[in-house]
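Working notes, structure below.
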Amino acid sequence: MSLILYTYWRSSAAYRIRIVLNLKGLPYEARPVSLIEDGGAHLKESYRAVSPQAQLPTLVDEGQIVRQSVSIMEYLEETRPSPPLMPADARGRAKVRELVLAVATDIHPLGNLRVLKAIEAGFGADQAAKEAWSRRWIANGFDGIEKLLADGTAGRFSFGDTPTLADACLVPQYYNAVRWGVDLAPYPTIRRVVEACNAMEAFRKAAPEAQPDAPASA
């Protein structure tokens, strides 16, 4: 098996890559790296040798190491172009990238585990405050994404009627929204798109609870 994915069941960035791999029908070896146990296996030197930033996910393709989820998605699209997860035209690709980055750079970093730990350690945020923080920034991002999806380019999925990289980013962020208790009533288009995605086996197989390292109670 040529593809190795360093992953963690609840990492939304790794979740994106699992979706892409499944949509493309690519078998891979999952190597779980816990973000929680023993202070975080991602912080150990053994994993830093793979990812100097100590972040997930990391993809290894026959010795070629690719880091950062957006880079990994683009790499897989370029090296395994079938089935395509990007539109054929430049305007369409720009729209999908806009949606990808609305999640990957605007929402996700603010709810990252290390950020939540930092506001706890540095500012005394308790669990309720961390949850409120997460809800605030997910809702802020979803406010914009809902409008972006309403410009006529969304079909059954975020762009048109076939899944794209935008859906691979949206679904994990929606999972986080549910986890943190975000009011999702204001986002009918997002909810409809996520429902269409989760009807597909590729998305269901990538879900956190379906991963080998998920705890039995998940």
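Since every read-out is calculated from the coordinates, none of them should be taken as a lab result. A quick note: this is a predicted structure, and the numbers were derived from the prediction, not measured. Reconstructed Cβ throughout: ideal geometry from the backbone, glycine too, with neighbour counts over all protein chains shown.
Considered as a group, the residues in segment 29-51 that are in contact with a strand residue (DSSP E or B) (Cβ under 7 Å, 6 or more places away or on another chain) and of a type in the set (A, V, I, L, M, F, W, C) include one that is surrounded by the fewest Cβ atoms within 10 Å (Cβ to Cβ), and that residue is V50. Applying the criterion of at least 3 residues that are closer than 22 Å to A30 by Cα to the helices (runs of 4 or more DSSP H) found wholly in segment 130-218 leaves 165-180, 201-206.
Considering segment 171-180 alone, what residues qualify as being in contact with a helix residue (DSSP H, G or I) (Cβ under 6 Å, 6 or more places away or on another chain) and of a type outside the set (S, T, N, Q)? Scanning segment 171-180 gives V171, P172, Y174, A177, W180. Screening segment 53-80 for residues that are part of a loop (DSSP other than H, G, I, E, B) and under 20 Å from the mean Cα position of the chain (by Cα) and picking the one that is farthest from Y28 (Cα to Cα) gives Q53. Would you be able to tell me the number of residues in segment 160-172 that are surrounded by 24 or more Cβ atoms within 10 Å (Cβ to Cβ) and under 16 Å from R91 (Cα atoms)? Of the residues in that region, 3 qualify.
It is to be established whether one or more residues within segment 91-109 are outside any helix (DSSP H, G or I) and either under 15 Å from the mean Cα position of the chain (by Cα) or buried (at least 17 other Cβ atoms within 10 Å of the Cβ) (or both). No, segment 91-109 contains no residue that is outside any helix (DSSP H, G or I) and either under 15 Å from the mean Cα position of the chain (by Cα) or buried (at least 17 other Cβ atoms within 10 Å of the Cβ) (or both).
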